[in-house]
Structure formats: C-alpha cells, structure tokens
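One structure below.
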C-alpha cells in the first residue's frame, strides 16, 4: 500500500487508511478473517447502444458475521459519506483505540436540504427533515409520505425492501404525555367532521376547504417527528381554504378535540406492522421485485406533482443517464450495493432500467435505488470505490478539477461488531 507522509495534511480517507495500517498483527489477522463477509470489485460493461459504463459493487455476506446497520444523519452540517463515517467511529471508544470494524457505507435517502427549502420558499425549520420513512435504532423518526420503497433492517438480522405508506394509519403522542392519538385509515386523505384525520403527499390537491362553520378544525404540519406549523381557524365564522403541508403530513383535529401542540413540539410515532424494523430509510425507486425488473414510478407516487417538486433532480425520468446507486438482495439474503459512475468519459452512467438490468445480472431478486447523481458514494473501509463527477470549484476549471465527495443529507453504514456511541436521536 502507498506510504502516507506525516508532513502532509491527511484527508478523511487517508486518516482512516492510516488507522487501519497501525493495527497490530493480531488485529490484522482478525480483519483478514472478516474480509470474506464483505467483498468488493469493479464492474464494467456496455449498454445496448454501445455506450460504456463502469462502477463498483460491494456484497455483504450476512451469514458470515454479526453485522450492525445504522443511518448517519448530518444534523444540518455539511458532510460527505466519509466525514459522517469518521464522526460516527470517533465517538466510539473502540475507534479511538484503533480497533475499528470492517464497514461499508453509502449515501442514503432524500431530505430537505437548504437549497431545496429555498427553492420551495419554505421556512428554515424544514431544513434537515426527511422526505419519507426513517427508523433509527428502533425509533420511528419520520412517517412515509408516498408509497415508496424503504430498505429495512429487521431485528432478526435479515434485510428487506418494503413499500412504506400510511394507508393503515398510525399513532402519535407527545413525548411527555401518555395520551395516544390514533389516526385510522377511514380518516385518510379526507376531512372528517367529527374525528381527527390526516393527509399525506399522495393527496392530489394542494388545499382543502374547511366549510363546516359549526365544527372548525385545527391543522398541524408534521415533518419528521416535529410540528412545524399550527393553523387555528376555530374562531373564524366563514369557510376557510387551508394550504396543506407541501412536504410532509397534515393533521386535522376538530377544535374541541385538538391537543395543545405548539410549533416545535416533538412527537412519538408508531405504525402497526413495523415493530420488528430496527432501522429503515425510504428512498427509491423500486427497481426489481421478485427477480423481475419493476420500475414502479406510478405506484410509488414519483410522477405526482408533489413528489416532483421535492426532487432536486428528476428522479422520475426513465431515460436520464447519470451516476446511479442501487441496493439489491439475492436468494441467499446477501446485501449488494452497486454504484455506477456517470458524467465521465469512461462511463455514461445508467437509467433506472439499465441499473435494474445490472443488478439482475449480479443476482439481485429484490432491489431499489438511492439518491442518484453527484451524491452517489460507495465506501468500503475508508476507500471510496466509485468516481464522483463533482467538485465544488468546478466552474474555476471545468476540465481539470479532481473528483470531490459531495455533501449528502445522510448515509447508511454497515459494520461488524459493536460501536458504543448509539444514542437515541433527538
């Protein structure tokens, strides 16, 4: 391996590599034994029109070792996948001693970043809110907004891809309050006269008219697990047209049943049927279902206007080639992550259909995509395996700027062993 000079500042990747090189011979032997549970390789090919593609594949053999998974959140800071990983391990006493585990990490799901919040003219309160299901260490932090796939890590140790939606309802409670509010499927995307109800982003209209002058409602914007806005029209004598939460859930209570939730109130969320999910993150689109290509744009809600406006790039386009990342599960239950380079001479990238074909060729029976484009990042043990077609100073010299890891909203990490820094998220 290349020797690192101590006189030069080290990047996050180099620091991780140096720590690995400083392991004792016993630790090195242990790491060698673990390598068979995490395999990586470069992959290349030609599309049907003769255009080249290249990328990297990493496969986790779940039956070889005890793997742990987690979602790493930026908490409104500028982070790449590597810097998120570095912070995660630095919080662990084991990492500080140099005894850090074999790991894999890649860019995660979709969130409301500052750029998108500004584009939609939303309050800064929305920055960092997930755009879909998020379960972290057994705690449901964000409800699904459409019917998009989520990568789920179960308490049995298995991994599954499940479409997440609110058709079955959910429950809410204030963190310091024992009262539980149940939202039933019969009050889904319809304004109920006498009961609390809810609207997700599959509701096509942007507004709803509260025209029952004898039974007004109070509306709450829920994004993530936080009340972002409260609309109280109970004292109004005329019908009111209410703008629904454009990037989250809208809750509606008859005024005489409404809780005293203020803006900033954090809630405990539960959904029936998800009790055995330890970690999950919604992304997409679905690429493969039951060993067959299945790009489920319509069913997932990707083609709705409410989904399109939350896409930094048009994920719903079927013919757009570029950097892509997909996660698949094979017959053995192994998890594979495939990152395809794009926007470079050696690789034009893929469309969703082409990515599904590659995953099928690699043996995936179920698969879904993650945030595509410049955010695509696949890291194994401190080394980024894919090429990022991005540099923040690109405009200074478009022809010679080196690749640079792009900031991401979150990342998924899988590692062998125990890391002692898992605290309940705020």
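The values are calculated or read from the model by the stated rules, or taken from the named source; none is laboratory data. Predicted, not measured: the structure shown is a model, and the values here were computed from it. Note: ideal-geometry Cβ built from the backbone for every residue, glycine included; neighbour counts use all protein chains shown.
Name the residue that is farthest from residue 59 (Cα to Cα), counting only residues in the stretch 154-167 that are in contact (Cβ under 8 Å) with a residue 60 or more places away in the chain and outside any strand (DSSP E or B).
So the residue we want is 166.
Among the numbered criteria (1) in contact (Cβ under 8 Å) with a residue 40 or more places away in the chain; (2) buried (at least 21 other Cβ atoms within 10 Å of the Cβ); (3) within 22 Å of residue 148 (Cβ to Cβ); (4) touching a strand residue (DSSP E or B) at 6+ places or on another chain (Cβ under 7 Å), which single criterion is violated by residue 220?
Condition (3) is where residue 220 drops out.
Restricted to the stretch 83-108, and to residues that are over 23 Å from residue 152 (Cα atoms) and in contact with a helix residue (DSSP H, G or I) (Cβ under 6 Å, 6 or more places away or on another chain), which residue is modelled with the lowest pLDDT?
Within the stretch 83-108, the subset over 23 Å from residue 152 (Cα atoms) is 83, 86-87, 90-100.
From what is left, the residues that are in contact with a helix residue (DSSP H, G or I) (Cβ under 6 Å, 6 or more places away or on another chain) are 83, 86, 95, 98, 100.
On the way: 83: 92, 86: 89, 95: 68, 98: 61, 100: 74.
Restricting to residues being over 23 Å from residue 152 (Cα atoms) and in contact with a helix residue (DSSP H, G or I) (Cβ under 6 Å, 6 or more places away or on another chain), the top hit is 98.
Within the group 157, 138, which residue is at pLDDT below 95 and closer than 30 Å to residue 332 by Cα? Outline the logic, then answer.
On the way: 138 fails: at pLDDT below 95.
Just a single option satisfies the conditions, and that option is 157.
So which residues in the stretch 275-287 are touching a strand residue (DSSP E or B) at 6+ places or on another chain (Cβ under 9 Å) and over 30 Å from residue 318 (Cβ atoms)? Lay out the reasoning, then the answer.
Step one: filter the stretch 275-287 for residues touching a strand residue (DSSP E or B) at 6+ places or on another chain (Cβ under 9 Å), giving 276-287.
Of everything in the stretch 275-287, those that are touching a strand residue (DSSP E or B) at 6+ places or on another chain (Cβ under 9 Å) and over 30 Å from residue 318 (Cβ atoms) turn out to be 276, 278.
Residue 326 passes all but one of (1) crowded, with 18+ Cβ neighbours inside 10 Å; (2) more than 19 Å from residue 350 (Cβ to Cβ); (3) in contact with a strand residue (DSSP E or B) (Cβ under 6 Å, 6 or more places away or on another chain); which number fails?
(2)
Which residue out of 366, 362 is at pLDDT 95 or above and more than 20 Å from the chain's Cα centre (by Cα)? Even if it seems obvious, please write down each step before you answer.
Numbers: 366 fails: more than 20 Å from the chain's Cα centre (by Cα).
The unique qualifying residue is 362.
Evaluate the stretch 114-125: report whether one residue or more is touching a residue at least 12 places away in the same chain (Cβ under 8 Å), crowded, with 20+ Cβ neighbours inside 10 Å and under 30 Å from residue 386 (Cα atoms).
Yes: the stretch 114-125 contains one or more residues that are touching a residue at least 12 places away in the same chain (Cβ under 8 Å), crowded, with 20+ Cβ neighbours inside 10 Å and under 30 Å from residue 386 (Cα atoms).
I'm told residue 132 meets every condition in (1) at pLDDT 95 or above; (2) not in a loop (DSSP other than H, G, I, E, B) except one. Can you identify the failing condition by its number?
(2)
Which one of 172, 151, 141 is touching a residue at least 24 places away in the same chain (Cβ under 8 Å), farther than 17 Å from residue 248 by Cβ and not in a loop (DSSP other than H, G, I, E, B)?
Details: 172 fails: farther than 17 Å from residue 248 by Cβ; 141 fails: farther than 17 Å from residue 248 by Cβ.
Within the list 172, 151, 141, the selection yields 151.
Among 40, 13, 54, which is the only one that is at pLDDT below 85, touching a strand residue (DSSP E or B) at 6+ places or on another chain (Cβ under 8 Å), under 30 Å from residue 321 (Cα atoms) and surrounded by 15 or more Cβ atoms within 10 Å (Cβ to Cβ)?
Numbers: 40 fails: at pLDDT below 85; 54 fails: at pLDDT below 85.
Criteria check complete, one pass: 13.
Only one of these conditions is not met by residue 80: (1) over 15 Å from the mean Cα position of the chain (by Cα); (2) at pLDDT 90 or above. Which number is it?
It is condition (1) that residue 80 fails.
If I filter the stretch 343-353 down to residues being outside any strand (DSSP E or B), within 15 Å of residue 56 (Cα to Cα) and at pLDDT 95 or above, which single residue comes out as nearest to the chain's Cα centre (by Cα)? Give the derivation first.
Let us first name the residues in the stretch 343-353 that are outside any strand (DSSP E or B), namely 343, 345-346, 348-349, 351-353.
Right, trim to within 15 Å of residue 56 (Cα to Cα) and you get 346, 348-349.
Going one step further and asking which of them are at pLDDT 95 or above, we end up with 348-349.
Working: 348: 25, 349: 21 Å.
The selected residue is 349.
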